[in-house]
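Just so you know, all these numbers are worked out from the coordinates, no wet-lab data involved. Treat the numbers as computed from the prediction; the structure is a model and nothing was measured.
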Amino acid sequence: MALVIAPWRQDTADLLREEKKREASPASFFFSQGQALVLSAEYFTDARLTHGARGGVAKKHRHRIQLALYGQLLASLEYLLKDFIARVIDLVPTFDERVRTAKWISLDADRVLSSRLAPSSAGAMLLHTTLGWHEPETVNERYKLLFQKEPIEGSEIAFLKHLWIIRHSVAHNAGFVAQHDAVRSGLPNLSGKVADLQPEHLKETFEFLCRIAKRIAEVVGDRIVLDWLKSRVPQGKDYGRDKGIYKPLKLLATYVASRAEDLPPITKGAYSRDFGRAERA
């Protein structure tokens, strides 16, 4: 469904730019969404409040806003992890056999019937209702099965697990950290307390997650581009023939770390360089 944007909004240009990134470059869309959330958290400072409003009520409401922003940030990562694979499936059949062997991808009647009211692509139907994306090891296993690349480094797994546990407390317990979750996160002192997520924490979390988003685009995405181009090598280089698929695949492998910057044009020169790499691989 196309995004409907009122023409008189001051941020119309930003929304249109983000919608293009959502449609073509999930990793770039993650950056735009995440940066917007960080900026929102940083906006509500004491300096922006009147002196009479700087008491407990304002701080209480601000705390609730920060919890919600944190939950949205982790939700944006989950969307990226699923939507990236969904768009690859929609673009090329290169990985179809691996998709067929993925036992975690399945369809049931409800998912198929729901498409009558909300038309969906094959990739979206297969991926967007799957579970398990909050487990870093599971995510790596799935990406490796499909693309032979892992988006999360071993040194990042423990901290990412911690972030997901805090997100669980925010999304399901209004920020209250149950004893079980406190122990699982490695911070038993949080047991029975409400998470206090300051803008600095949201920013640090975003910067950490950006490394994963960038890796999905520039490492996993590049592998996908090369794997597809290898299938074209026997037929010879032909930009006119390949550009219809190459361009959207290359945008999947693009990471724009700026809300104000548009997606780059995909050129014949880039195609020639990538085709050359595929020939040598």
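Odds and ends about this structure:
- P(r), alpha carbons of region 67-128 - 5 Å bins starting at zero, rounded %: 4, 16, 22, 21, 19, 11, 6, 2, 0
- Whichever lysines have a C-alpha closer than 23 Å to that of LYS268, once near sequence neighbours (fewer than 8 apart) are set aside: LYS20, LYS21, LYS230, LYS237, LYS243, LYS247, LYS250
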